[in-house]
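Q: Sharing a structure here in structure tokens format.
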Amino acid sequence: MQFHNIDIVMLDMDGTMLDKHFDDYFWEHLVPEKYAEKHSVTFSKAKEVLLSLYRAHEGTLNWTDIDFWSKELDLDIPALKEQIKHLIEVHPYVEDFLGLLKQHKKKVMLVTNAHFKVLDLKLKKTQIGQFFDRCITSFEIGHPKEDIAFWEKLYNIAPFDKDRVAFIDDTCEVLHTAKRYGIHNLILKRKASSKRADKPCPDFYTIEDFRELISLIRGD
Ligand SMILES: [Mg+2]
């Protein structure tokens, strides 16, 4: 991929720019713990119930709708996220990469399935917000990035030349949808979580950290 042919760089947030450990810890540890307390069940029972609920809503807008989960689980999910916000971490070299994109006059967009309340919390906790020309959430669009309708609606509200866009995400399925829509410059960010191995996804150009893209831009 050659960055001099790219006008717009779209980046996912969780797992791509931010360490997914925060989200994994939140949903797989803190929420089961609070659910167990609230509903007087063991931690492992809570985990079992929750994992099957998560699976049922994965890839839908409910999945990242924290108001949905607050209601569904009878827990104050935004307050719980606030409690562990110290675990929100930016992946290495992300800010260097974003700064370089701005220096090269690229338009930089954050494109996330995250709920706007979570986006808000994460942009307050980190310094990455300053680099974005625009932040788009699936809630604004009405579909998650896994649906082709997300990309069609995104195009309607912020038109782009498919050949001059690069899109970076840590979720294989999302990249496949973007490919079906017609975006060719697709990059998979590996090591979404600093604490866990990735699921394999050999179909896309892959980076382990943003230094690889920094050298690509500098070599252009
Ligand atoms: Mg992600």
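Q: So which of Trp63, Trp27 ends up being within 16 Å of the ligand (Cβ to nearest atom), free of Cβ contacts under 8 Å to residues at least 40 places away in the same chain and either in contact with a helix residue (DSSP H, G or I) (Cβ under 6 Å, 6 or more places away or on another chain) or farther than 21 Å from Asp147 by Cβ (or both)? Working first, answer last.
A: On the way: Trp63 fails: free of Cβ contacts under 8 Å to residues at least 40 places away in the same chain.
After ruling out the rest, the residue left standing is Trp27.
Q: Search the range 39-50 for residues that are farther than 21 Å from Ser70 by Cβ and pair each with any residue that is modelled with pLDDT of 95 or more when their beta-carbon atoms are under 9 Å apart and the residues are at least 6 apart or on different chains.
A: Thr42/Ala36; Ser44/Pro32; Ser44/Ala36
Q: Does at least one position in the range 168-180 carry a residue that is at positive phi and within 14 Å of the ligand (Cβ to nearest atom)? Quick ask: steps written out before the conclusion?
A: Step one: of the range 168-180, the residues at positive phi are none.
Checked against the condition, which is being at positive phi and within 14 Å of the ligand (Cβ to nearest atom), the range 168-180 yields no hits at all.
Q: Of all the residues that make up the range 106-124, how many are more than 27 Å from Thr177 (Cα to Cα) and surrounded by fewer than 18 Cβ atoms within 10 Å (Cβ to Cβ)?
A: Looking only at the range 106-124, we keep the residues that are more than 27 Å from Thr177 (Cα to Cα), and these are 121, 124.
Subsequent filtering for residues that are surrounded by fewer than 18 Cβ atoms within 10 Å (Cβ to Cβ) retains 124.
Total meeting the criteria: 1.
Q: On to the next question. Which residue pairs have Cβ atoms closer than 9 Å, lie 6 or more positions apart in sequence or on different chains, and pair a first residue in the range 84-108 that is over 19 Å from Gly15 (Cβ atoms) with a second residue that is modelled with pLDDT under 95 and assigned to a loop (DSSP other than H, G, I, E, B)?
A: Listed pairs, sorted by first residue: His104/Asp220.
Q: Would you call Asp96 in the same structural domain as Thr126 (by TED's automatic domain parsing) and within 30 Å of Gln130 (Cβ to Cβ)?
A: Numbers: in the same structural domain as Thr126 (by TED's automatic domain parsing): yes; within 30 Å of Gln130 (Cβ to Cβ): yes.
So Asp96 fits the description; yes.
Q: Let me ask something else. Considering only the range 155-165, I want to know if a residue exists there that is away from the ligand (no atom under 16 Å from the Cβ), surrounded by fewer than 19 Cβ atoms within 10 Å (Cβ to Cβ) and among the hydroxyl-bearing types (Ser, Thr, Tyr). Can you show your working first?
A: Kept after step one, since they are away from the ligand (no atom under 16 Å from the Cβ), are these residues of the range 155-165: 155-165.
Remaining after also requiring surrounded by fewer than 19 Cβ atoms within 10 Å (Cβ to Cβ): 155-164.
After this cut, where a residue has to be among the hydroxyl-bearing types (Ser, Thr, Tyr) as well, the list is 155.
Checked against the condition, which is being away from the ligand (no atom under 16 Å from the Cβ), surrounded by fewer than 19 Cβ atoms within 10 Å (Cβ to Cβ) and among the hydroxyl-bearing types (Ser, Thr, Tyr), the range 155-165 yields at least one hit.
Q: Something else: Can you tell me which residue is farthest from Phe97 (Cα to Cα) among those in the range 183-220 that are small (Gly, Ala, Ser) and free of Cβ contacts under 8 Å to residues at least 24 places away in the same chain? Working first, answer last.
A: In the first step, residues of the range 183-220 are kept if they are small (Gly, Ala, Ser); the result is 192-194, 197, 215, 219.
Next cut, free of Cβ contacts under 8 Å to residues at least 24 places away in the same chain only: 197, 215, 219.
Details: Ala197: 23, Ser215: 10, Gly219: 14 Å.
Among those that are small (Gly, Ala, Ser) and free of Cβ contacts under 8 Å to residues at least 24 places away in the same chain, it is Ala197.
Q: For Thr112, indicate whether it is within 14 Å of the chain's Cα centre (by Cα), assigned by TED's automatic domain parsing to the domain that holds His143 and among the polar types (S, T, N, Q). Give the derivation first.
A: Details: within 14 Å of the chain's Cα centre (by Cα): yes; assigned by TED's automatic domain parsing to the domain that holds His143: yes; among the polar types (S, T, N, Q): yes.
Spelling it out, Thr112 is indeed within 14 Å of the chain's Cα centre (by Cα), assigned by TED's automatic domain parsing to the domain that holds His143 and among the polar types (S, T, N, Q).
The values are calculated or read from the model by the stated rules, or taken from the named source; none is laboratory data. Please read all numbers here as calculations on a predicted model, not as lab measurements. Neighbour counts are summed over all protein chains in view; Cβ atoms, including those assigned to glycine, are modelled from backbone coordinates with ideal geometry.
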